Amino acid sequence: MNGIAPAPKKNSPVKIFPLAEEHLDAVLAIEKRAFTEPWRREDFQRLTDNPEAISLAALDEGRVVGYSCCWTVIETAELGNLAVEPEFQGRGVARALLEATIKACRKKMIAMLFLEVRCSNRRAIELYERYGFVRIGLRRGYYTHPVEDALIMKLSL
């Protein structure tokens, strides 16, 4: 499949928008369900206030059902967070967010996109690999609650 995953169906009701202050309450609720060490409102606000960051919200009929946050430094970017409401998982929301993030990185002339993911998060790892991310390393004990290694992945753009 030459490293590029198919785009979400065109008739998908999910629409991707820049993450805004008005989305943060919903994002924080998803964040708390998705991660054992959730980001705080201030963490998201720093990204929404940063013109170099790529922070996106996935909306279904006006409801935030997922989000992604990526920061950029010169020609590299780091995908710091991507999460989807549990009842919307498996419906292409993560694919849509990842695709929009990659597109935005290319528009900013980013050469490499990095991320860390829990080694046990097979579903996310498979998604990233479908988009051409490769495994480049391991951070031992990176995550807590529970303690777990992080797989470091990279996508050359």
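The values are calculated or read from the model by the stated rules, or taken from the named source; none is laboratory data. Keep in mind it's a predicted model, so treat the numbers as computed, not measured. Every residue, glycine as well, gets a Cβ built from its backbone with ideal geometry; the counts of neighbours run over all protein chains shown.
Odds and ends about this structure:
- Leading residue by the ranking (nearest to Ser68 (Cα to Cα)) among those in the stretch 110-156 that are small (Gly, Ala, Ser) and not in a strand (DSSP E or B): Ala124
- From the list Arg106, Arg91, the one residue that fits, being basic (Lys, Arg), modelled with pLDDT under 95 and more than 9 Å from the chain's Cα centre (by Cα), is Arg91.
- One residue from Tyr131, Tyr143 being crowded, with 17+ Cβ neighbours inside 10 Å, touching a strand residue (DSSP E or B) at 6+ places or on another chain (Cβ under 7 Å) and modelled with pLDDT under 95: Tyr143
- Pairs are defined by a Cβ separation below 6 Å, a sequence spacing of at least 6 or placement on different chains, a first member in the stretch 132-144 that is more than 19 Å from Leu113 (Cα to Cα), and a second member that is surrounded by 11 or more Cβ atoms within 10 Å (Cβ to Cβ) and basic (Lys, Arg); the pairs so defined are Tyr143/Arg118.
- Any hit, the stretch 36-47, residues being of a type in the set (A, V, I, L, M, F, W, C), touching a Lys or Arg at 6+ places or on another chain (Cβ under 6 Å) and farther than 24 Å from Val134 by Cα: no
- Pair list, Cβ under 6 Å, 6 or more apart: the stretch 45-72 residue without any contact (Cβ under 8 Å) to a residue 24 or more places away in the chain, other residue assigned to a helix (DSSP H, G or I): Ala53/Leu47
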